[in-house]
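Q: Can you keep this structure in mind? I'll have questions shortly.
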Amino acid sequence: MDGRGLAGGASALAVLAFLVVLPVAQAQKKAPALPLRPIDALRAVPQGTAVRLAALRNDTRYRDTFLREFDSLTAENEMKMQALQPRRGHFDFAAADEVVRFARSNGKAVRGHTLVWGQALPLWLIDHGALDKVGLRLPPINLPALPSPIGKILGQTTTLLTGWRRDDLLAVMKDHVRTVMRHYAGDVAEWDVVNEPMAENGNLARTVWRRFIGPDYIDEALRTARAADPRAKLFINDFDVESPGPKLDGLVRLARDLVTRDVPLDGIGLQTHTHVGGFPDEATLERTMRRFTRLGLDVQITEMDVAAPLVDVARPERQQRQALAYGAAARACNAVRKCTRFTTWGFTDAVSWLSAGASGLLFDATYRAKPAYAAVRSAFARR
Ligand code: XIL
């Protein structure tokens, strides 16, 4: 690592391009303004990472590495509904505000993550129902698939105990989207409005939103988001949609349907949680991205990590394979003009949602850059 960093390398290239282009541009002063192609062609994709507030607060090395290497951040957990609306109608922005203030005061952009998701929900949202009236609260219930009619009766009973009226839940969802987006208008320019809407088979996942509002919860969330902050870019974000299969087909169908019906949507986030045992190659990922950009949408890699547990491959090999995975994704994003950001889900193995042994990020637990770091960096040096 030479210390210039991913972000530094990109700006150095931009300066270089500017110096090359400037005399040409001056010579053409009288001509109508032309786009400065060489700069454009060398523009590196902004790079981001998920961060944790506790680590930002307490760990200088963590903070400095972030500041040196990245253009933007995503709060790993602080902007999820569980954190922002712990009690119904009561918002707690303290932790998320701290993350946003840190980013803004250091000139970094913020990806908003996430408004409407089936996970990281406050308990009051899931257990609202008949028992709530007498002060009892049921924990979230995940029903196993039981044969009919037992399954049906059980399902209806739990729905009765934990269910919502459509209009009530719709109002809760809209209020959440509106309140959070207005709070951050001007500070957060991209939002994962809907996270992980797809099931593996290509249908909509059975989240509380889908179950009690209906499939149009997605339309409603996106329309509410656009009205709340018309300048923000609105994303749908999902995992396991990088390679061909029913889930990707389902997401493409959903995106096309939304675009066709003029429901506001600006981009698709490919989470890209992957592993050395199987990851999409560059051509596959590029094809996937183009299925969305063809619809007029942006795409981003939003949460990349590449788990490399030692049980899968030997130590030297795993770092090389991991570098291949990261390099392939970075090159694909670099090749697609409408791939507007490349975000990893953390940057050091010391602070990662993956187990320590997975070693999934660009820097190891002692902040040494891995081969994957160089692979990403060289991919983005060439746009
Ligand atoms: C994860 C966080 O990294 C963990 O700290 C937390 O316990 C669970 O959520 N897809 C997403 C992210 O959209 O929000 C998830 O983040 C990882 C999978």
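Q: Calculate what fraction, in whole %, of the accessible area of the stretch 291-357 sits on carbon and sulfur atoms when a 1.4 Å probe is rolled over the protein chains. Working shown, then result.
A: Working: 1380 of 2510 Å².
Carbon and sulfur atoms account for 55 percent of the accessible area of the stretch 291-357.
Q: Once phi is turned into θ = phi - 60°, what whole-Hz ³J(HN,Hα) does the Karplus curve with 6.51, -1.76 and 1.60 give for every residue of the stretch 180-186, x standing for Gly and Pro?
A: Those phi angles translate into 5, 5, 5, 4, 9, 4, x Hz.
Q: Please give the Cα centre distance for the stretch 290-363 versus the stretch 218-244, rounded to the nearest Å.
A: After rounding, the separation between the Cα centres reads 22 Å.
Q: For the stretch 50-66, just list the computed ³J(HN,Hα) in residue order, Karplus coefficients 6.51, -1.76 and 1.60, θ = phi - 60°, integers in Hz, with x standing in for Gly and Pro.
A: Result, ordered by residue: 6, 10, 10, 4, 4, 5, 4, 5, 9, 10, 4, 5, 4, 4, 5, 5, 4 Hz.
Q: Provide, as a two-decimal number, the C-alpha radius of gyration of the stretch 272-383 over 2.2 N^0.38 Å, N being how many residues it has.
A: Compared with the compact-globule rule of thumb, the stretch 272-383 sits at 1.04.
Q: List the residues whose amide H sits under 5 Å from the amide H of Ala50, counting only those 5 or more places along or on another chain, with H placed 1.01 Å from N in the peptide plane.
A: Placed amide hydrogens put Thr74, Thr344, Trp345, Gly346 under 5 Å from Ala50.
Q: Please give the solvent-accessible surface of Phe347 in Å², to the nearest 10, using a probe radius of 1.4 Å with every protein chain present.
A: Around 0 Å² of this residue is reachable by solvent.
Q: Okay, next question. Heavy-atom accessible area per residue, the stretch 308-383, 1.4 Å probe: how many Å²? If you can, show how the numbers build up before the last one.
A: Values: 2970 Å² over 76 residues.
Accessible surface, normalised per residue, equals 39 Å².
The values are calculated or read from the model by the stated rules, or taken from the named source; none is laboratory data. For clarity, every value in this text was computed on a predicted model and none was experimentally measured. Side chains are part of the model used for accessible areas, which takes the heavy atoms of the whole protein and leaves out ligands, DNA and RNA. Shrake-Rupley method; radii C 1.70, N 1.55, O 1.52, S 1.80 Å.
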